[in-house]
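Notes to accompany the following structure.
We did not get these values from a lab; they are worked out from the coordinates using the rules stated. Predicted model only: the values in this text are computed from it and were never measured. Positions of Cβ are backbone-derived with ideal geometry, glycine not excepted, and every protein chain shown enters the neighbour counts.
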Amino acid sequence: MEREFLIFENQKKIVKINIDDIIAITCEGTCSTVYYTDKLHKFTISKSLVQIERLLIERQCLLLRIHRNSIVSLDKIEMLDKKNNVITLRGGLELNVSIRQLPSINKAMKERKLMIL
């Protein structure tokens, strides 16, 4: 199977990232940060989360919006702490989860047989 890559660019660098390596993408203001590989490399770009999400959905990536400012790769979820509304991803990255998104996250994780606390 051929690996797919995305090219991300900011003012200082151009980075080629394997789509399968993307763990999460967060947004703060007008910048988005792409977290990738198990070592949690990150790359900040000036694209909106919606723009990146559309691009990844076009490529049929398993993405899940967990908050208005975060999307995660479903395959990289390790745990959902429903009591504290925090999701843990591969590499130890922890992100807050929106209460509104909990039902869809629960459903997606159960379908993939992932651990829910």
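One table, with the values for the structure above:
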{"item": "Cα-centre dipole for the chain with unit charges at Cβ (Lys and Arg positive, Asp and Glu negative), debye to 20", "result": "260 debye"}
{"item": "For residue 47, residues with placed amide H under 5 Å, excluding near neighbours", "result": "32"}
{"item": "Amide hydrogen neighbours beyond the local backbone of residue 82, cut-off 5 Å, H modeled", "result": "117"}
{"item": "Helix axis angle, 102-111 relative to the chain longest principal axis, alpha carbon, degrees", "result": "90 degrees"}
{"item": "Helix axis angle, 49-58 relative to the chain longest principal axis, alpha carbon, degrees", "result": "90 degrees"}
{"item": "Spatial extent of the range 5-111: Rg and Dmax, with the Cα atoms as the point set, Å", "result": "13.2, 41"}
